[in-house]
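The values are calculated or read from the model by the stated rules, or taken from the named source; none is laboratory data. Being a predicted model, the structure only gives us computed values, none of them experimental. Glycine also receives a Cβ, built like all others from the backbone with ideal geometry; neighbour counts cover every protein chain displayed.
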Amino acid sequence: MFLFSEYEPFWIFLTISSFIPIMAFSISGALAPMSKGPEKPTSYESGIEPMGDTWIQFRIRYYMFALVFVVFDVETVFLYPWAMSFDIVGISTLIEVFIFVLILIVGLVYAWRKGALEWF
């Protein structure tokens, strides 16, 4: 039998977490200034007119460098819980973490050889 009373904290949390963003967008929409001047549809609102074409093509290396950084930065976050409970988890987890770090090193070497870590 499905009991709704067991899920009351979930429904309360879902209601509150849905209500907060709706209220934030409603308040910011009501209080934000709505000025529609001639400068609004231009590319830059800083007062400097753009010279030439405003579409500049960036090199993909900048994005690849950022992506590799984010991947390895997030992966090191996974090592933190293991380091905090190292004395509890035992030797099997040590082997798993060693394999995890080995996979990270292989990915780093691959990215290095492909040239994703070169800035220019």
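Quick notes
- Residue within the stretch 30-38 that is part of a helix (DSSP H, G or I) and either at pLDDT 75 or above or surrounded by 11 or more Cβ atoms within 10 Å (Cβ to Cβ) (or both) present: yes
- Among the residues of the stretch 73-120, not one is under 26 Å from Arg61 (Cα atoms), assigned to a helix (DSSP H, G or I) and modelled with pLDDT under 80.
- Take the conditions (1) farther than 25 Å from Ile103 by Cα; (2) hydrophobic (A, V, I, L, M, F, W, C); (3) at pLDDT 75 or above; Met51 misses just one of them, which is (3).
- Residues of the stretch 69-95 that turn out to be among the charged types (D, E, K, R) and loosely packed, with under 11 Cβ neighbours inside 10 Å, as a count: 2
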